[in-house]
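Encoded as structure tokens, the structure appears first; notes follow it.
The values are calculated or read from the model by the stated rules, or taken from the named source; none is laboratory data. Treat the numbers as computed from the prediction; the structure is a model and nothing was measured. FYI the Cβ positions are ideal-geometry reconstructions off the backbone, even for glycines, and counts take in every protein chain you see. Protein only, heavy atoms only, side chains kept; ligands, DNA and RNA dropped before computing areas. Shrake-Rupley method; radii C 1.70, N 1.55, O 1.52, S 1.80 Å.
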Amino acid sequence: INTDIRDLECIEGQARGDFLYRVRELLVSNDLLATKIVKDQGQFALAYVYANNAVRVAKSLEDAELQAAATYTRGCTKLEWGLFGTTQQGIFQIDRGKAKDAIRDFQAILQKTDIQQEGIHPQLQGFTMLQLSRAQSFFRQSVHESVSANTLLLADQAAEMVGRNTIDDPYTRIIMTGTVSGLHAGGYH
């Protein structure tokens, strides 16, 4: 994957027009794949580098859905990294800064969805709501009651997105929803 990314970055400097778009789309997909692989290996700092690069390239494409999928993956990476936490003086502590950064990513996706007429894929919207709900739940003890209510409301709203606009092609599903399986009832529960 790293070799493909380097090769695509070399081609990117020479490409123009539709070919440039395709090269950048491949860069985003390779960065997202690399993010998932190294995140699963527990290499969160490296996963964040790949995810952040995917967001940067997606922004250059001016493709709202691709940018949302990349931002979602970056948010998930930051959340998992933050929740991995540390042990200080025998006490486990989450990294609140990284969790808050993840919340900002998820909120940015949902805000853009509200502003844009087209929106993003409903399953990605559902996943984003679930992850935002999950991230906010870790702050329920230190914030107002309204956040806790919002956490439950987001999870309920995400349930409406289960199974909507399913995508049969695995590559397209990963790009559009940020996941291999898409949002389904088993994944939601």
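Couple of notes before you dig in:
- Qualifying residue in segment 43-64 (condition: touching a helix residue (DSSP H, G or I) at 6+ places or on another chain (Cβ under 8 Å), modelled with pLDDT under 95 and on the phi > 0 side of the Ramachandran plot): no
- When segment 82-132 is limited to residues that are open to solvent by 70 Å² or more (accessible area, probe 1.4 Å) and of a type in the set (F, W, Y), the one that is nearest to Y50 (Cα to Cα) turns out to be F84.
- Qualifying position, being touching a residue at least 40 places away in the same chain (Cβ under 8 Å), farther than 20 Å from Q131 by Cα and not basic (K, R), among S60, S29: S29
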